[in-house]
Amino acid sequence: MVGQSFNPDDHDFDNIFENYSYEYDIGPDVSPCTPLVQKSLNVTYAAVYSLVCFLAVTGNLLVLVVILHNRRSISSTDVYLLHLATADLLFAITLPFWAVDAVSGWVFGDAMCKVIGMLQEVNFYSGILLLACISVDRYLAIVRSAQSHGHKRPWLVKLVCAAVWLVALLLSLPVLHNDVYYVYEFDRSVCNEEHDGDFGNSWKLAIKVSRLVIGFLMPLATMIFCYTVTVWKLCQTKGFQKQKAMKVIIAVVLAFLACWLPYHLTMVVDFLVRVKHIKVSCIERDHLDRAVLATQCLAFLHSCINPILYAFIGVKFRSNLVKLLAQKGLIKRSEESQFKQSRSSSLSGLTSTAI
């Protein structure tokens, strides 16, 4: 098991801590080197995953409660936000398993290895695809001036969401090859895809490229196009709210790039190293393993940022949140009235469609 070097599938999204569990052959005339394992780093990663889980669960649960409480006036954007919060929430609840795995190895059995890996992958891809759907929805609402398109065709929004979950499921199928096996060097079990070497590199490369294109490049290109045209449209309008909407859009795109671009670039380099297209030393291999873990932490952080970017800074969501808090007696009715007054004094036709 341990002698199977450069497993190209070891960098799948669910393989969070297993990059330290292999020997890497850095050349035909060089002896394999064993990557360093630092328990302090593993504990740090476990703490980060636990914190991300807490923040993501709290934020996305609140989004779900607010949207469902006002489901009679739900819009197309609200539907996408509802599915996005669900995806981020389900994704977040897988993180405690990997936090335990970072410290103790995989102790949850083979069935849970497949279930947790599949759950994480499906919600990972669905979340990214839903972000692209939100950008298209805002493009239609602002650029095409179809502010009520979601109400007129609710079946279309539901169909798009169903397609998103189906595509995410298909992209996640390779995770079913995951198994639990023991790594003697580190005296721990890992949840990973252990390959027998019969699967050609061309097929491996095709799967990796398709997941990268569909799960990242296409959504990114969609967001850039839609939000670029939307910003151009906003530039033609007048008023303070135009600037606010543009800042929100820029924040959305930058947050997406900052969280996901380093991860995917690192995964590309990791794959090329594992299939021996790039030769590295033991020290460089160790640095790459650390980069994989660090960029994964950054990518996971996006599930905490989503509720802030796509819900809490939206005027409609904040209004519904204040209304809900007032109904539950958590804030005074006078505070709700003050919020409504401030909202009506600054609300323009573009504010509610900024996100």
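Where a number appears in this text, it was derived from the coordinates with a stated rule and is not lab data. This structure is a prediction, so every number in the text was calculated from the model and none was measured. We place every Cβ from the backbone using ideal geometry, glycine too, and count neighbours over all the protein chains shown.
I'd like the FRET efficiency for ARG318 and ARG71, computed as 1/(1 + (r/R0)^6) with the beta carbon distance as r and R0 of 22 Å, rounded to 0.05. It comes to 0.80. Per-peptide packing, taken as the mean over residues of other Cβ atoms within 10 Å, places 133-144, 308-319 in the sequence 133-144, 308-319 from highest down.
Grab the other residues whose beta carbon is less than 14 angstrom from that of VAL253, score K and R as +1, D and E as -1, and report the net. Overall, the nearby charge balance is +2. Of the residues CYS226, CYS282, the one with the fewest other Cβ atoms within 10 Å heads the list, and the complete ranking is CYS282, CYS226. With both labels modelled 7 Å from their Cα along Cα-to-Cβ, the ILE93 to ARG144 distance reads 3.5 nm. Protection proxy ranking of 287-295, 165-173, by the mean of other Cβ atoms within 10 Å over each peptide's residues and highest first, is 287-295, 165-173.
Neighbour counts of other C-beta atoms within 10 Å: give me ILE249, ILE74, ILE67 arranged from fewest to most. Don't jump to the answer; show the numbers that get you there.
Values: ILE249 23, ILE74 17, ILE67 20.
Starting with the residue having the fewest Cβ neighbours, the order is ILE74, ILE67, ILE249.
Counting other C-beta atoms within 10 Å, which of ASP110, ASP286 has the fewest, and how do the rest follow? Kindly include the intermediate steps, with their values, before the conclusion.
Details: ASP110 14, ASP286 20.
Going from sparsest to densest Cβ surroundings: ASP110, ASP286.
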